[in-house]
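Read-outs: derived from the displayed coordinates by stated rules, not from any lab. On a predicted model such as this, the values are computed, not experimentally measured, just so you know. Positions of Cβ are backbone-derived with ideal geometry, glycine not excepted, and every protein chain shown enters the neighbour counts.
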Amino acid sequence: MDLLNTLVEKGLRRETPTREEALAVLATSDDELLDVVAAAGKVRRQWFGRRVKLNYLVNLKSGLCPEDCSYCSQRLGSKAEILKYTWLKPEEASRAAAAGVAGGAKRVCLVASGRGPTDKDVDRVSETISAIKEQNEGVEVCACLGLLSDGQASRLRDAGADAYNHNLNTSEATYGRITTTHTYADRVSTVQQAQAAGMSACSGLIAGMGETDEDLVDVVFSLRELDPDSVPVNFLIPFEGTPLAKEWNLTPQRALRILAMVRFVCPDVEVRLAGGREVHLRTLQPLALHLANSIFLGDYLTSEGQAGKDDLAMIADAGFEVEGTDTTTLPAHRADALAAAGCGSHAEDTAGGCGGHGGGGGCAPCGDTAPEPAAAGPEPVAAGAVPEARDADGARTDLVAVRRRGAGTDLPPNA
């Protein structure tokens, strides 16, 4: 197919495809799907080989957010029965992070619900970063605390944060339909503040919220212009009790086409397979490893993920390998540019982000109220392990499971 040959050639040269070419990827048929995956896989292997970076989420503060992001189980007015607790102590967060590192995670993503941190919150997270780095040599730390105020990015960088996540989520044109309590421009500004402070920027999207192909291409091209080092691709987890609970718009095939389009537009960037992969890709998850070079290990912010041991088995069975701390994630030209900007965590070895949504898949917080910790519930059945169930609208009610273990509970994490 001429389209795919052109996109591979452009990807190998780090050349941006046209909008028409990106839209054409999304419009390919299911019969062409394996050809699309194979083509994007060539670009992925050019810049990242067969390595898969593992990331681990620690939800520092969960629930009761004052923002109204429609996709988020922690949003204002959410009736989702998620865990709710106030800030974890630094030692608690460090113990949670250690579980992910033991499972092979190279990056720990520290997330807190809230519109944005207070200066006291920045102090608290700084102590947590120090505790994690003292106990886990070589680990990267990404902070995801919402909208940043002047000077906060530099303080986090000085405390040892390697990266900062803040997702654009959807196109600028449709952003007001998803969130009204802050703007698309607010999000862009926070990513730029992180970059200016010398942190590696992490910013991505959420697919499956009722957007058009044009919206998806718009947000990915905006990300290309913003130039983050990592782009998490989330697929909406339709939590009951949120405005988007009935939005079941994705098939495994469409999810793969979206990932391929992101890889073609952002060829040399860490593309992270983030929240909702188990829900929407299901048994086709291994194919996604040919497109994304990074995944989250185990559970997400408020939802269950695939068991960590199953993640590792999937990576090995698909012929990939877990990326070690002695290998730089980014290609040399990006790693060198990042080091020159003041972030040295990727520049130790030139041989060679955080994301998700508050509904359970990464880092896009919104929430300021500090609730009391919730009692840990019984350990749930793993997502997908129960017989298929559908409600009156045809939604797969067996695929969304609330996290009841790990951070904020007394139960061991799913790492």
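A few points about this structure:
- Cα-derived Rg over Rh, computed across region 169-210 with Rh taken as Kirkwood radius: 1.02
- Convex hull volume per residue in cubic angstrom - Cα atoms of region 124-190: 92
- Highest average first, the peptides 7-20, 273-286 ordered by how many other beta carbon atoms sit within 10 Å of their residues are 273-286, 7-20.
- Computed over region 1-86, the P(r) tail beyond 16 angstrom holds 67 percent of alpha carbon pairs.
- Ignoring aspartates and glutamates fewer than eight residues from Lys89 along the same chain, the ones with Cα atoms less than 15 angstrom from its Cα are Asp121, Asp123, Glu127, Glu372, Asp410.
- Percent breakdown of C-alpha pair distances by 10 Å bin, ordered from the shortest bin, for region 86-129: 26, 53, 20, 1
- Ranked packing of 175-184, 188-197, 64-73, 257-266, most packed first, by mean Cβ within 10 Å: 257-266, 64-73, 188-197, 175-184
- J(HN,Hα) series, region 88-96, from Karplus relation 6.51 cos²θ - 1.76 cosθ + 1.60, nearest Hz, glycine and proline x: 6, 5, x, 5, 5, 5, 5, 5, 5
- Taking one quarter of the surface of the convex hull spanned by the alpha-carbon atoms of region 173-320 gives a direction-averaged projected area of 9.2 nm².
- For region 159-204: relative contact order, % (alpha-carbon pairs under 8 angstrom, 6 or more apart): 58
- Nearby lysines by direct alpha-carbon distance to Lys106 (threshold 17 angstrom, same-chain neighbours under 8 apart not counted): Lys53, Lys133, Lys309
- Summing charges over neighbours of Gly151, with a neighbour being any other residue whose Cβ is under 11 Å away from its Cβ, gives -1 when K and R count +1 and D and E count -1.
- Relative contact order of region 163-281: 26 percent, from C-alpha pairs under 8 Å at least 6 residues apart in sequence.
- Across region 78-212, Cα-Cα distances exceeding 24 Å account for 35% of all pairs.
- Region 1-145 pair-distance distribution - Cα-Cα, 5 Å bins, rounded %: 2, 8, 14, 13, 10, 10, 11, 14, 12, 5, 1, 0
- Fully extending the segment from Lys89 to Asp336, taken as 0.36 nm per residue of separation minus the present Cα-Cα distance, adds 85.4 nm.
- For Ala207, residues with placed amide H under 5 Å, excluding near neighbours: Asn234, Phe235, Leu236
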